[in-house]
Amino acid sequence: MADATIIKTICQHSRPLPADTMAFLRGIAEDYAKVRAATYERYGGIRSLNHLTPVYNILSEMRSCGLRSQLDLPSAYYELAVMEAVTDIKSMWGTVKNKVREAISGRDRLTADELKYLRTVLRIDTVFAAVLNRRKYEMPQNMEGISVETGRLNNLLCRLVRQCHMKPAVRKADYFRVTPAGYCYKDGGIYLVSRIKRRRVFLPLKDGQVSSHQICVRLGDGEANLYLYRESEAKDISGSASVYAYIGYQDAVTLSNGHVYGAGLDRLVSPETERLNAKNQARSRAVRSRLDSLKAGDMAKAERIRASNLGKKKYDRQKQRARDRTQNFINAELNRMIEAEKPKRIVITKLIVKPRTRHYSPQANRRLARSFGSYIRRRLEEKCRLYGIEFVAINPKGTGSTCSACGSEGIREKQDFHCENCGYAATIAQNTARNIERMSKGTI
Ligand SMILES: [Zn+2]
């Protein structure tokens with residue numbers, strides 16, 4: 001793992017920028033968004049599904065379609081807008097397939113062979129594209145000897161895809177990306193290529209970092225933030241232990257050896273969740289009373305409510321700050337764990353995406369949305385790459401409900417686990433971590 005690398009994002013702040021520089025940046029950001037929107041429109045549909053790879057074909061079509069000269073957008077921005085949009089389209093298709101997979105697993109009327117056929121089609125892009133576009137295709141190899149009513153199943157597939165397929169859309173036009181050819185660092189700042197030949201626009205920066213990859217420029221209030229991507233070499237910490245970790249809501253990480261890292265994560269997250277709940281309730285009250293004022297014709301009052309109660313800026317800022325605080329805490333604790341445990345291998349469970357069959361309360365939904373489980377998993381995986389640690393995610397089936405001492409079904413109550421068969425008692429986190437250890441060692 002000596003030559004493994006990891007991509008890190010570094011944020012670089014500009015100094016306050018003059019109005020004409022801001023106007024230039026905003027213009028580029030708006031055109032960048034237009035290029036993304038045009039690419040979504042052209043290639044986000046079912047007919048383009050099979051033509052998304054290689055991206056160079058789309059790039060050359062977009063180069064010659066006339067949009068670039070119409071917008072007069074330098075190619076240092078234009079091409080990245082196209083590539084970013086194609087990436088979004090691909091990830092949209094990933095989401096569509098997952099939704100369809102979920103939908104077909106929930107249908108009891110499908111036989112095992114029919115399920116196998118549908119899952120195979122979903123797995124092979126060329127076949128999937130042919131089915132959706134009603135074109136001929138060759139039966140995949142693993143379906144040989146199995147006969148299913150392909151016509152009916154293909155119709156089902158088309159219907160399910162239609163239900164959840166949606167072209168990606170541009171939400172905000174407040175950023176753009178630029179290739180290395182489009183910028184250079186000099187004079188304590190960065191020069192960006194402009195629409196006028198040989199004229200570059202200067203942004204003074206607060207620090208002296210430089211980049212050799214693409215940069216993402218995000219517009220703020222009278223300033224810009226640059227996001228740099230840096231490859232850093234994976235460090236070797238040459239540990240020897242295998243660590244089995246349960247990722248939780250109360251404590252970030254509980255290991256099978258009993259050590260806990262990120263204890264009290266919920267105490268950091270819950271007050272913020274409650275604060276947001278209260279805020280959101282107050283907001284919906286304000287929305288209602290503004291509507292009432294509008295109906296009653298009291299425009300002055302409606303405007304007053306809009307201006308003082310429905311602003312998003314402060315709300316977003318506070319939310320972001322709380323999130324940063326929690327993420328810093330998680331990162332520091334994960335680092336502490338790696339330092340202390342010196343693992344050679346970290347084993348966790350895969351994250352299970354719950355199908356949306358049960359309806360949770362708004363509060364529970366918000367709690368789920370604000371849960372940091374997937375963040376912890378992602379950071380842990382990145383850190384493993386950084387330190388050359390093997391990262392393994394196993395199927396969580398049974399890790400929560402079985403007794404880690406005797407293997408029989410136990411009882412879970414709130415945070416605690418106990419087994420009536422052998423009398424073992426522990427926290428759910430502890431029992432699950434021990435099960436992850438047992439299962440990944442194959443002792444079940
Ligand atoms: Zn037991």
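Each of MET299, GLY388, LEU67 was placed along the dipole of the chain (beta-carbon charges, centred on the mean Cα), and the one lying farthest toward the positive end is MET299.
Given +1 on the Cβ of Lys and Arg, -1 on the Cβ of Asp and Glu, and no further charges, what dipole in debye does segment 140-292 carry about its Cα centre, rounded to the nearest 20?
Working: 24 positive and 15 negative charges, 248 e Å.
That gives a dipole near 1200 debye.
Rounded to the nearest 20 debye, the dipole size of segment 241-394 about its Cα centre is 820 debye, using +1 on the Cβ of Lys and Arg and -1 on the Cβ of Asp and Glu.
For the chain, taking a cut-off of 4.7 Å between Cβ atoms, the unpaired cysteines are CYS11, CYS65, CYS158, CYS164, CYS184, CYS216, CYS384.
Here the simple spin-label model places points 7 Å from the Cα toward Cβ, and for LYS314 and THR95 these points are separated by 3.2 nm. Too long at a 31 Å Cα-Cα cut-off: which of LYS34/LYS279; LYS172/LYS279; LYS34/LYS97? Exceeds cut-off: LYS34/LYS279. Between CYS422 and ARG306, the simple label model (points 7 Å from Cα in the Cβ direction) yields a spacing of 6.6 nm. Rounded to the nearest whole Hz, the Karplus-based 3J(HN,Hα) values (6.51 cos²θ - 1.76 cosθ + 1.60, θ = phi - 60°) of segment 330-337 follow the sequence 4, 4, 4, 6, 5, 4, 4, 5, with x at glycine and proline.
Rolling a 1.4 Å probe over the protein heavy atoms leaves LEU52 with an accessible area of roughly 10 Å². With r as the distance between the Cβ atoms of ASP113 and SER289 and R0 = 45 Å, compute the FRET efficiency 1/(1 + (r/R0)^6) and round to 0.05. According to the calculation, E is roughly 0.20.
Other residues within the sphere of radius under 10 Å centred on the Cβ of LYS206, judged by their own Cβ, net out at -1 (K and R +1, D and E -1).
Here's how it looks for GLY189: its modeled amide H is under 5 Å from those of LEU205, which are all 5 or more places away or on a different chain. The charge dipole of the chain, taken about its Cα centre with unit charges on the Cβ of Lys, Arg, Asp and Glu (plus for the first two, minus for the last two), comes to roughly 1540 debye.
Taking R0 as 25 Å, what's the FRET efficiency between GLU390 and GLN327 from their Cβ-Cβ distance, rounded to 0.05?
On the way: r = 24 Å, r/R0 = 0.97.
That pair, GLU390 with GLN327, gives E of 0.55.
Only one residue of ILE215, ASN335, GLN320 has its Cα farthest out toward the positive end of the dipole of the chain, where Lys and Arg carry +1 and Asp and Glu -1 on Cβ, and that residue is GLN320.
Database remark: amide H of ASP416 closer than 5 angstrom to the amide H of ILE428 (H placed geometrically; neighbours at sequence offset of 5 or more, or on other chains; Pro and chain starts carry no H).
On a full-extension model of 0.36 nm per residue, what is the gain between ILE196 and ILE10, subtracting their alpha-carbon distance, rounded to one decimal in nm?
Using 0.36 nm per residue and subtracting the Cα-Cα distance, I get 64.0 nm.
The modelled label-to-label distance between ASP125 and CYS158, using points 7 Å beyond Cα along the C-beta direction, is 2.3 nm. What is the sum of charges around GLU114, taking Lys and Arg as +1, Asp and Glu as -1, for the other residues whose C-beta is under 10 Å from the C-beta of GLU114? Local net charge: +3.
Let me know the volume per residue of the alpha-carbon convex hull for the chain, in Å³.
Details: hull volume 100.4 nm³, N = 444.
Spelled out: Cα convex hull of the chain, divided by residues, is 226 Å³.
Among ILE196, ILE428, the sequence by solvent-accessible area, most first, with a 1.4 Å probe is ILE196, ILE428. Give the separation of the Cα centroids, segment 95-129 to segment 252-313, in Å. That distance is 39 Å.
The values are calculated or read from the model by the stated rules, or taken from the named source; none is laboratory data. Fair warning: this is a prediction, and the values are worked out from it, not measured in the lab. Note: ideal-geometry Cβ built from the backbone for every residue, glycine included; neighbour counts use all protein chains shown. The protein model used for the area step is the full one, side chains on, heavy atoms only, and it has no ligands, DNA or RNA in it. Shrake-Rupley method; radii C 1.70, N 1.55, O 1.52, S 1.80 Å.
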